[in-house]
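As structure tokens, the structure follows; a few thoughts come after it.
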Amino acid sequence: MGKKRGCSKIFSEHEMKQFESNPNVQHVTDKSITYAPALKLAAVQAYLSGQTPMEIFLRAGFDVDVIGHEKPKYCLKRWRNTYTTHGETGLLEEQRGKGSMGRPSGENLSTEEKLKRAEARTHQAVRVGE
């Protein structure tokens, strides 16, 4: 079993290879597992039909001693929230960054706000130069 650092588990090379061979895993690093979208949808549907998170993950081929006994519960909670908010599409498509407006531009700032920002940059430059 891999080492633990704080709350996040660090997976060994052997564990990562084990995950990579599972068709329910889209991507794996030493610190995280990206589950296949089809698994997420199937897991939520199985949960709604009465299966427990632990049963779902065991049937999907995961060793809960490796991923952690709480991981199935937390994943299902997150996936159920996404399913409730966005439906099936939310689980099947990547949601990160959607609806984000990005960093606000400085084009529509008042003269006062532009002056405040310029002064802040000047003070920052002076502190760095000291």
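Checking each residue in the range 37-54 for being among the hydroxyl-bearing types (Ser, Thr, Tyr) and in contact with a helix residue (DSSP H, G or I) (Cβ under 9 Å, 6 or more places away or on another chain) picks out TYR47, THR52.
Within the range 55-75, is even one residue touching a residue at least 40 places away in the same chain (Cβ under 8 Å), touching a helix residue (DSSP H, G or I) at 6+ places or on another chain (Cβ under 8 Å) and closer than 20 Å to GLU93 by Cβ? Yes; the residues of the range 55-75 include at least one that is touching a residue at least 40 places away in the same chain (Cβ under 8 Å), touching a helix residue (DSSP H, G or I) at 6+ places or on another chain (Cβ under 8 Å) and closer than 20 Å to GLU93 by Cβ.
Residue count for the range 87-96 satisfying the condition of being open to solvent by 60 Å² or more (accessible area, probe 1.4 Å) and either within 16 Å of the chain's Cα centre (by Cα) or among the hydroxyl-bearing types (Ser, Thr, Tyr) (or both): 5. Remark: pairs (first residue in the range 103-130, at pLDDT 75 or above; second residue loosely packed, with under 10 Cβ neighbours inside 10 Å; Cβ separation under 8 Å; 6+ apart in sequence or on different chains) = LYS114/GLY106; ARG117/GLY106.
Reported count of residues in the range 28-83, each being over 18 Å from the mean Cα position of the chain (by Cα), buried (at least 19 other Cβ atoms within 10 Å of the Cβ) and hydroxyl-bearing (Ser, Thr, Tyr), is 1.
The values are calculated or read from the model by the stated rules, or taken from the named source; none is laboratory data. Note that this is a predicted model, so its numbers are computed, not measured. Positions of Cβ are generated from backbone atoms using ideal geometry, with glycine treated the same way; all protein chains shown enter the neighbour counts. Note: areas computed on protein heavy atoms with side chains; ligands, DNA, RNA excluded. Shrake-Rupley method; radii C 1.70, N 1.55, O 1.52, S 1.80 Å.
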